[in-house]
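Novice: Have a look at the structure that comes next, please.
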Amino acid sequence: MENIDSYELCKLYKYLRVVDVCDAMDGIGYFNIGLMSPEIRPIWSGMKFWGVAFTIRCVPANRPMWKLNTTEDIVNAHGIWFKEVGNISYSGKIRPGDVIVTDTGGSGEVGFWGSANSLSVIAEGAVGIITDGYCRDTDEVTLQKTPICARKRGRTIIPGRIEVAEIQTKIGCGGVQVNPGDIVGCDGDGIVVVPLRVAEEVAIHARAILLADMRARRNLYKRLGMEPDHTVDYETVSAYYDQLKLG
């Protein structure tokens, strides 16, 4: 495991659909492994990403936020809260290609991810964010096309509600185990987590499943007089994998 480069391996997933990977997981006997709860969905339609899991484990706060007396303090509520209770920062630790997977520890309504802090991790190179909790500012998230998947949409902020307990540790999210370095994918059908130990084998099978589907659908497009689109362009996909020398 120590010798597997998750970021190089993730290149094998570039064109794959979540369903291709799920079929491949079934094929190696990993039935229902990695299938994140269907309640955790992309905030906006058309979202797709594959990346390497960067995990955050949160817990509910065990004290309330105190009353703030000035507008300036209210605007700076997060800074005041973090100064008092502490904060485990992940800034500067994210690598290009990471997917930030967040276990909210059963916290109630709290927008741990919103329009600004999500953009900050995208700016560091993250390709997606997944949380089993809430996302807020969802109109802006949709406008920005910030790739966030969440269980629910929410309204409230962090102070007095949630704290980061650990980063880059084994977590549970959406009913599945997620380890740092696992391969995580999202599209319109949902989210799947591929354990790193089987990720290369799964990619090989999933590539074959995808190409077989693309060829079959291309023939059906032709039969029905439909204009071909990128979802049946198996030549491009096949050439990509050929240059990777996959399987």
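Every residue, every condition in (1) touching a Lys or Arg at 6+ places or on another chain (Cβ under 9 Å); (2) modelled with pLDDT of 95 or more; (3) closer than 17 Å to Thr146 by Cα; (4) aromatic (Phe, Trp, Tyr), yes or no:
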{"residue": "Val21", "(1), (2), (3), (4)": "no, yes, no, no"}
{"residue": "Glu39", "(1), (2), (3), (4)": "yes, yes, no, no"}
{"residue": "Gly51", "(1), (2), (3), (4)": "no, yes, yes, no"}
{"residue": "His78", "(1), (2), (3), (4)": "no, yes, no, no"}
{"residue": "Ile100", "(1), (2), (3), (4)": "no, yes, yes, no"}
{"residue": "Gly108", "(1), (2), (3), (4)": "yes, yes, no, no"}
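Novice: Let me ask something else about it. Go through region 124-182 and report how many residues are in a strand (DSSP E or B), small (Gly, Ala, Ser) and surrounded by fewer than 17 Cβ atoms within 10 Å (Cβ to Cβ).
Specialist: So the answer is 2.
Novice: Return the only residue of Glu200, Glu163 being touching a residue at least 24 places away in the same chain (Cβ under 8 Å) and touching a strand residue (DSSP E or B) at 6+ places or on another chain (Cβ under 7 Å).
Specialist: Glu163
Novice: Given the conditions (1) of a type outside the set (D, E, K, R); (2) surrounded by 13 or more Cβ atoms within 10 Å (Cβ to Cβ); (3) at pLDDT 95 or above; (4) not in a helix (DSSP H, G or I), which single one is not true for Met226?
Specialist: The number of the failed condition is (2).
Novice: Take Met1 and tell me if it is modelled with pLDDT under 95 and aliphatic (A, V, I, L, M).
Specialist: It is true that Met1 is modelled with pLDDT under 95 and aliphatic (A, V, I, L, M).
Novice: Can you find a residue that is part of a helix (DSSP H, G or I), of a type in the set (D, E, K, R), exposed (fewer than 15 other Cβ atoms within 10 Å of the Cβ) and in the same structural domain as Gly111 (by TED's automatic domain parsing) anywhere in region 229-236?
Specialist: Among the residues of region 229-236, not one is part of a helix (DSSP H, G or I), of a type in the set (D, E, K, R), exposed (fewer than 15 other Cβ atoms within 10 Å of the Cβ) and in the same structural domain as Gly111 (by TED's automatic domain parsing), which makes the answer no.
Novice: Going by the conditions given, is Val85 buried (at least 21 other Cβ atoms within 10 Å of the Cβ) and either touching a strand residue (DSSP E or B) at 6+ places or on another chain (Cβ under 7 Å) or within 28 Å of Lys48 (Cβ to Cβ) (or both)?
Specialist: For Val85, the condition - buried (at least 21 other Cβ atoms within 10 Å of the Cβ) and either touching a strand residue (DSSP E or B) at 6+ places or on another chain (Cβ under 7 Å) or within 28 Å of Lys48 (Cβ to Cβ) (or both) - is not met.
Novice: Which residues, taken from region 1-35, are out of contact with any helix residue (DSSP H, G or I) (no Cβ under 9 Å at 6 or more places or on another chain) and either within 26 Å of Tyr234 (Cα to Cα) or assigned by TED's automatic domain parsing to the domain that holds Arg95 (or both)?
Specialist: Scanning region 1-35 gives Tyr7, Glu8, Val18, Asp26.
Novice: Still on this structure: Quick check: anything in region 52-68 of a type outside the set (A, V, I, L, M), in a helix (DSSP H, G or I) and surrounded by fewer than 17 Cβ atoms within 10 Å (Cβ to Cβ)?
Specialist: Taking every residue of region 52-68 in turn, none turns out to be of a type outside the set (A, V, I, L, M), in a helix (DSSP H, G or I) and surrounded by fewer than 17 Cβ atoms within 10 Å (Cβ to Cβ).
Novice: Another one. So which residues in region 198-247 are of a type in the set (Asp, Glu) and under 12 Å from Leu12 (Cβ atoms), if there are any at all?
Specialist: Hits for region 198-247 are Glu200, Glu201.
Novice: If I ask for residues that are surrounded by 17 or more Cβ atoms within 10 Å (Cβ to Cβ) and touching an Asp or Glu at 6+ places or on another chain (Cβ under 7 Å), which ones from region 20-46 would you list?
Specialist: The one that is surrounded by 17 or more Cβ atoms within 10 Å (Cβ to Cβ) and touching an Asp or Glu at 6+ places or on another chain (Cβ under 7 Å): Ile40.
The values are calculated or read from the model by the stated rules, or taken from the named source; none is laboratory data. Fair warning: this is a prediction, and the values are worked out from it, not measured in the lab. All Cβ positions, even for glycine, are placed from backbone atoms using ideal geometry, and neighbour counts span all protein chains on display.
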